[in-house]
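Worksheet: one structure, shown below.
We did not get these values from a lab; they are worked out from the coordinates using the rules stated. The structure presented is a predicted model; accordingly, all values stated were derived computationally and were not measured. Backbone-built Cβ (ideal geometry, glycine too); neighbour counts: all protein chains shown.
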Amino acid sequence: MHELSVTQALLSIVLEHAEKAGAKRVVAVDLKVGEISGVVDDSVRLYFEFLSRDTPAAGARLHFTHVPARLVCHSCGSEFEPGEGEWLCPQCGATGGRIIAGRELMVESIEVE
């Protein structure tokens, strides 16, 4: 259900910017989604299709760009992409780190007519 509220917020942003641009119709929406954001593309597509009915965004194509997770090691300061299920620094072997990428969820661009 988390994707429902996320999609409502995304649609609101899209419609607000489309209105400001004087657009009659939204053709496509480019989204940037982090690997660890917890957002499922198919769920967002389904909710967007349902929620955008009878709006200028009805029928708009959604494009997803996925951002991999990146961390900075707390021990040695190295940047790294964690392995699946394993967040060990490849340089020093320390566990975890500060997340610097992978939580993104944003509207990157909107194509309108």
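The table that follows gives values for the structure above.
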| item | result |
| --- | --- |
| Helix 41-51 axis, angle to the chain major axis (alpha carbon atoms, nearest 10°) | 20 |
| Size of electric dipole in the range 2-112: Cβ of Lys, Arg +1 and of Asp, Glu -1, about Cα centre, debye, nearest 20 | 300 |
| For a label point 7 Å along the Cα-to-beta-carbon line of S75, residues of the range 96-113 with backbone N under 12 Å | 96-97 |
| Residue (of Q91, A58, P68) at the positive-pole extreme of the range 2-112, dipole from beta-carbon charges | A58 |
| Calculated Rg and Dmax of the chain using C-alpha coordinates, Å | 17.6, 55 |
| Whole-angstrom gap from the range 89-113 to the range 1-73, using each part's C-alpha centre | 17 |
| Degrees between helix 2-20 axis and first principal axis of the chain (Cα, 0 to 90, nearest 10) | 50 |
